[in-house]
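Just dropping this structure here.
Every number in this text was worked out from the coordinates using simple rules, so none of it is lab data. A quick note: this is a predicted structure, and the numbers were derived from the prediction, not measured. Note: ideal-geometry Cβ built from the backbone for every residue, glycine included; neighbour counts use all protein chains shown.
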């Protein structure tokens, strides 16, 4: 029985890594880290994907607090392998703030455009429902684990397909102004599986 379970796990990992369709997505990264109104943050998100022979990318993301419960984020980046330039925006509505004694929750609407192989363009429109809960440590340190279930559609060459992922990660606040991320995205349908990290500066 143990050998059967191990075989199933290995088969699942193999399917994730050897998927060959052209896929793309932007990571959750610091979306759950709400920026207060008229404040801002900027982050750099490196990402390694496992699909289509693998790729590596870097994306700069600028976030601005546009209202008491909403943020706007703009991202620009480039990458290797199947994915080149990418740019887009994310609107976040943080409808349950992460306060002491309660789990935070929100939803983000994201639209990104990617240049794929052979100069083919792909546009993705995705909803990112998420939950998170910050745990304080000593000084200005804290960690904020999160889970998200991005889903939506990818448009390319006049056709579309649905995409779904499950994403788990954590934001680590290292000081009053800086934090780092670690994140794993797992393909459920039509998306990449990936590992990403990054650093964020908050004003």
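Counting alpha carbon pairs within less than 8 Å and at least 6 residues apart, what relative contact order, in whole percent, applies to the stretch 42-82?
39
Where in the stretch 105-125 does the amide nitrogen come within less than 12 Å of the point 7 Å from the Cα of residue 160, taken along Cα to Cβ?
123-125
Let me ask something additional. 7 Å from Cα along Cα→Cβ at both residue 153 and residue 140: what's the point-to-point distance in nm?
Rounded to a tenth, the inter-label distance reads 4.5 nm.
Moving to a separate point now. What is the spin-label model distance, in nm, from residue 67 to residue 111 if the labels are put 7 Å beyond Cα along the C-beta direction?
In this crude spin-label approximation the distance works out to 1.8 nm.
Based on the Cβ-Cβ distance of residue 170 and residue 37, what FRET efficiency does E = 1/(1 + (r/R0)^6) give at R0 = 41 Å, to the nearest 0.05? List each step's numbers first, then the result.
On the way: r = 25 Å, r/R0 = 0.62.
With R0 = 41 Å, the Cβ-Cβ based efficiency is 0.95.
Could you tell me the distance between the Cα centroids of the stretch 136-186 and the stretch 70-129, to the nearest Å?
So the separation of the two Cα centres works out to 10 Å.
Which length gain, in nm to one decimal place, applies between residue 131 and residue 177 when the Cα-Cα distance is subtracted from 0.36 nm times their residue separation?
Gain on stretching residue 131 to residue 177: 14.3 nm.
Follow-up. Compute the FRET efficiency between residue 120 and residue 60 as 1/(1 + (r/R0)^6), taking r as their Cβ-Cβ distance and R0 = 22 Å, and round to the nearest 0.05.
Working: r = 23 Å, r/R0 = 1.06.
Between residue 120 and residue 60 the formula returns 0.40.
Still on this structure, I have one more. How would you rank 126-138, 164-176, highest first, on the average number of other Cβ atoms within 10 Å across their residues?
Values: 126-138: 15.8, 164-176: 17.5.
Going from most to least packed, we get 164-176, 126-138.
Further question on the same structure: Largest first and in whole Å, what are the equivalent-ellipsoid semi-axes of the stretch 93-195 based on the Cα gyration tensor, each being the root of 5 times an eigenvalue? Could the numbers behind the result be given before it?
Numbers: eigenvalues 198, 45, 26 Å².
Working from the Cα gyration tensor, I get semi-axes of 31, 15, 11 Å.
Taking Rh as the Kirkwood radius computed over C-alpha pairs, what is the Stokes-Einstein D of the stretch 2-202 at 10 °C in a medium of viscosity 1.306 mPa s, expressed in µm² per second?
Result for D is 92 µm²/s.
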